[in-house]
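Below you'll find the structure, written out as structure tokens, and then a few comments.
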Amino acid sequence: MAVSSASLAPSKKAAASSVGAPAQRSQSSRKGKRAWRKNVDIEPVEEGLEGLRAEERVTGAFLQNKKDEELFQVDVEGDDSIRKTLPKYSERVLTSTKILSERSAVPAVFSRAAASAKPEKRKAVSHEDKSRLLRMSKRLRKGPFNAYVDPNQVGEGSALLELSEAAKKAGEYDVWAEEVPEKPTAKAPKTDNPRSHIALQAVPAPHEGQSYNPPLTAHQQLLRAAHEKEEKRVKNAEETEAAKAKLAKARAVAAAEAAEGVAPGMTVDEPVDGAADEAPATQSSEPLPPKKMPERKTKQQRRKAEKLRAEKRALAEKAARKRMLATVDSAKALRRAISRNLATRERLRAQRQAVLQERLKQGLAGQRIGKHFVPEGEIDVQLGEELSESLRGLKPEGNLFRDRFLNMQQRALIEPHAPNPAKKPRRKTKEYEKHSYKRFDRGF
């Protein structure tokens, strides 16, 4: 068996690049795109890229992108510690030491995110999108008690309901814990306390008309004030009595109507005998006119009515546009009028506040606090014939305890309330019948 020498000759391997990629320069044929790509020599390009990678490992970035201040430094002082860093013995080190001493300036790649890196916020998926994705994937969704839920029937006995706030916060509060959660403190209102504006004295000076020997004008003024107050009280009592009488009369009328079998407020006309006989005759002599039914409109009438409605709408829109243009032209005047109104309201509000503060200085007498009114107090005054000429014949008037109590209410120290006198217990008289009285028919 003959074997050719060409087949026995060892095949010549392609030359490899020093960097690692095959060069294959022995084959000179580059006919076709595949042969060109396979046999092209890229060793200079790879050397340049490897040099850039080495620069990046040593300095952390490409040298061509750095500034001159980062690459060069002018040393004018020197450093004495350089001598200590120089090797004292042979400069030759082990290869393993060289490999281990090389450190790249490029940070290593970690599979996990660093602790300092802020995690990206996930976009919350709405309930509708989640339901839509579940329907698209045709996955069965479990609800409470491991029951499968149909996502198409929400709230129809399918148990697909959101958890309540109590269920979400279950287990967070421990009843037996020693630390009690602090309750939020109530914030005080920003309004001023009326007590800070009251300038009424605890023991005010009495009116000069209350003296045992008062001046004539002061005594007459105090008598007039007491008369007006008593007249006002009598008038209020009369109005209250009139309202009660009117209410009692209305109740009596309603009770009488209810007894007759008629609804309250309903009046029943009682027909006269002659009118009752004439009513059927008039009804029979004059028959009612027949009711005319509305005719169906034609197309022409409908078009005409629609045209009228369109014209009315156009006129209304034109009038509205005209009014709007007029308001736009008078915007400056409206702004000035609004500013004047605001200034007037502010001035009136300041005046009202000043009046209220002036009234508060005299106390809360006569004002309503809550459900009750603060009492004004009685005016202690004596008539002209009751006045004494000396202190020996003076009779005491008024009550000091009542005056101090009313004064504390008027100074907002005690809340006002309706008088509630103590009721005396009613003792019922029990009647007994003696045994001897029962036997009155006996003759002893």
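One table, with the values for the structure above:
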{"item": "Test result for ASN407, under 30 Å from ASN213 (Cβ atoms) and out of contact with any helix residue (DSSP H, G or I) (no Cβ under 9 Å at 6 or more places or on another chain)", "result": "yes"}
{"item": "Residue match in the range 101-119 (condition: at pLDDT 75 or above, more than 60 Å from the chain's Cα centre (by Cα) and either among the polar types (S, T, N, Q) or open to solvent by less than 100 Å² (accessible area, probe 1.4 Å) (or both))", "result": "yes"}
{"item": "Extreme residue, least open to solvent (accessible area, probe 1.4 Å), among residues of the range 354-370 that are assigned to a helix (DSSP H, G or I) and closer than 22 Å to GLN409 by Cα", "result": "LEU360"}
{"item": "From ASN407, ASN420, ASN341, residue being open to solvent by less than 60 Å² (accessible area, probe 1.4 Å) and either modelled with pLDDT of 80 or more or part of a loop (DSSP other than H, G, I, E, B) (or both)", "result": "ASN407"}
{"item": "Selected residue [in a loop (DSSP other than H, G, I, E, B) and at pLDDT 85 or above] from ALA177, ALA226, ALA199, ALA188", "result": "ALA199"}
{"item": "Members of the range 213-257 that are open to solvent by 100 Å² or more (accessible area, probe 1.4 Å) and farther than 26 Å from SER388 by Cβ", "result": "GLU231, LYS232, ARG233, LYS235, GLU238, GLU239, GLU241, LYS244, LYS246, LYS249, ARG251"}
{"item": "Check on VAL74, within 60 Å of the chain's Cα centre (by Cα) and either modelled with pLDDT under 85 or surrounded by fewer than 10 Cβ atoms within 10 Å (Cβ to Cβ) (or both)", "result": "no"}
{"item": "Which listed residue is out of contact with any strand residue (DSSP E or B) (no Cβ under 6 Å at 6 or more places or on another chain), assigned to a helix (DSSP H, G or I) and surrounded by fewer than 10 Cβ atoms within 10 Å (Cβ to Cβ), from GLU385, GLU311, GLU317", "result": "GLU385"}
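The values are calculated or read from the model by the stated rules, or taken from the named source; none is laboratory data. These numbers come from a predicted model, not from an experiment. Note that we place each Cβ from the backbone using ideal geometry, even for glycine, and neighbour counts take in every protein chain shown. Surface areas here come from the heavy atoms of the whole protein model, side chains and all, with no ligands, DNA or RNA. Shrake-Rupley method; radii C 1.70, N 1.55, O 1.52, S 1.80 Å.
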